[in-house]
Amino acid sequence: MAGIYIHIPFCRQACHYCDFHFSTQQDLRSRFVDAVQEEIRLQRDFLGNETVETVYFGGGTPSLLPPEELDQILRTLHSTFRITTNAEVTLEANPDDLQTGPLARFREAGINRLSIGIQSFQDDTLRFFNRSHSASEAFQRVEQARHAGFDNISLDLIYGIPDKPLSAWQADIARALRLQPEHLSAYALTLEEKTVFGHWHKMKKLIPADDESVAQQFEYLMAELDKAGYEHYEISNFCRPGFISRHNSAYWRGVSYLGLGPSAHSFRGQTRQHNIANNALYIQSIAQGVVPFTLEVLNDAERINEIIYTGLRTRWGVDPSILKFQFGFDLVDRRRALLRRLEDSGWLMWQEKHIALTRKGKLVADQIATDLFIDDAELAELKKSF
């Protein structure tokens, strides 16, 4: 199996927290749609003979594209790659783009899963984020999506907001659960350097929420969604049984995927590549028949660490036998004392033959993964012994 990601690099306005590649100028939109279809044709051999099981429109704000343009892109994908009949086709969307008419046409174009950027159900927070929708509009659009026939809806929320009490986060979770989404993603707010929030932080106009309150909100999230019957299958992702994001799960499991559009990343086993993050230069290069990307070849240490990092973020954990078989790295033997300490402290557990994080361990997932990483020197030393 394989996946395809299409980056739509346009937004109506800039959210204060977002550091993804996008432009609020849409004068290049029609040329971009032509260019991404040409890139599809130029990249026809990237996935070899693999069947495509997921397509994901991300951004930016993909729902800014008219359904007709999404339909064009999907038609080109279907004529170029082998896409399964039951493929998961996701559209990231803002509530203000999801009126009844477009919703029906999105479904007609082949979209069968919506990932809606709610972020908060509180108007003051939405204004703080510089979002382009209101809380009531968000609620209404999700209900309209239901009436339009969408039965696989994911909602995005943000927690760890400066000066916001736990009660505000509790209210957001309660409102989200009233909508009964099949999937929910929740992310702790980070103040990225090249954003408005990052600038405010640098100028000492914005102080991030303290670690203790962020952890408290995350713990409340895990407890409430567990009570509501959701599976916590990745650090930031929860779903009703049977509604795991097939596309994102492929990332975490090391499945090959092709990224299309400016700034999009692709992965194929030992290599990763990323397209240029400039709309005009991307369009110009594609017009000349050249995909403008930078190639990165991963060494064994990087591949091992990626398996550890992504695996620990998921409920499936890390299978040490895979690391031993593929790279000769015996995680259990090389990290025996550390693994024992982590298990004794309640951070980590064994699930049959897999190492996975406990609920407590999920609070410090990145640190645990980093402690288990291998560096080039240790790997070189290990290989000398064979």
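At a glance:
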read-out	value
Residue check for Arg105: free of Cβ contacts under 8 Å to residues at least 40 places away in the same chain, assigned to a helix (DSSP H, G or I) and over 24 Å from Asp27 (Cβ atoms)	no
Region 299-311 residues that are touching a residue at least 24 places away in the same chain (Cβ under 8 Å) and crowded, with 21+ Cβ neighbours inside 10 Å, paired with ones that are of a type in the set (A, V, I, L, M, F, W, C) and not in a helix (DSSP H, G or I) (beta carbon under 6 Å, 6 or more apart)	Ile304/Phe329; Ile304/Ile374; Ile308/Val318; Gly311/Val318
Residue ID - nearest to the chain's Cα centre (by Cα), chosen from residues in region 355-386 that are more than 30 Å from Ala223 (Cβ to Cβ) and aliphatic (A, V, I, L, M)	Ile374
Leading residue by the ranking (surrounded by the fewest Cβ atoms within 10 Å (Cβ to Cβ)) among those in region 367-386 that are without any contact (Cβ under 8 Å) to a residue 60 or more places away in the chain and among the hydrophobic types (A, V, I, L, M, F, W, C)	Phe386
In region 19-75, residue surrounded by the most Cβ atoms within 10 Å (Cβ to Cβ) [restricted to those that are in a loop (DSSP other than H, G, I, E, B) and of a type in the set (Val, Ile, Thr)]	Thr61
In region 108-135, residue surrounded by the fewest Cβ atoms within 10 Å (Cβ to Cβ) [restricted to those that are aromatic (Phe, Trp, Tyr) and in contact (Cβ under 8 Å) with a residue 60 or more places away in the chain]	Phe128
Top-ranked residue of region 252-274 - restricted to ones that are without any contact (Cβ under 8 Å) to a residue 60 or more places away in the chain and not in a loop (DSSP other than H, G, I, E, B), ranked as farthest from Ile73 (Cα to Cα)	Thr271
Long-range neighbours under 8 Å by Cβ, at least six apart or interchain, first residue over 18 Å from Gly58 (Cβ atoms) and without any contact (Cβ under 8 Å) to a residue 40 or more places away in the chain within region 71-83, second of a type in the set (Asp, Glu) and buried (at least 17 other Cβ atoms within 10 Å of the Cβ)	Arg82/Glu50
Sole exception among (1) in the same structural domain as Ser136 (by TED's automatic domain parsing); (2) more than 22 Å from Gly361 (Cβ to Cβ) for Asp226, by number	(2)
Candidates Pro66, Pro62 - the one that is in contact with a Lys or Arg (Cβ under 9 Å, 6 or more places away or on another chain) and not hydroxyl-bearing (Ser, Thr, Tyr)	Pro66
Among the residues listed as Phe129, Phe121, Phe139, Phe106, the single one being touching a Cys at 6+ places or on another chain (Cβ under 9 Å), among the aromatic types (Phe, Trp, Tyr) and assigned by TED's automatic domain parsing to the domain that holds Lys204	Phe129
Any hit, region 236-255, residues being in the same structural domain as Ile116 (by TED's automatic domain parsing), within 23 Å of Ala168 (Cβ to Cβ) and surrounded by fewer than 20 Cβ atoms within 10 Å (Cβ to Cβ)	yes
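One line per residue, one yes/no per condition, for (1) in a helix (DSSP H, G or I); (2) in contact with a strand residue (DSSP E or B) (Cβ under 9 Å, 6 or more places away or on another chain):
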| site | (1), (2) |
| --- | --- |
| Phe150 | no, yes |
| Ile158 | no, yes |
| Asp163 | no, no |
| Ala176 | yes, yes |
| Leu184 | no, yes |
| Thr190 | no, no |
| Trp200 | yes, no |
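The values are calculated or read from the model by the stated rules, or taken from the named source; none is laboratory data. Just so we're clear, the structure is a prediction, and the values are computed from it rather than from any experiment. Glycine gets a Cβ as well: all are built from the backbone with ideal geometry, and neighbour counts include every protein chain shown.
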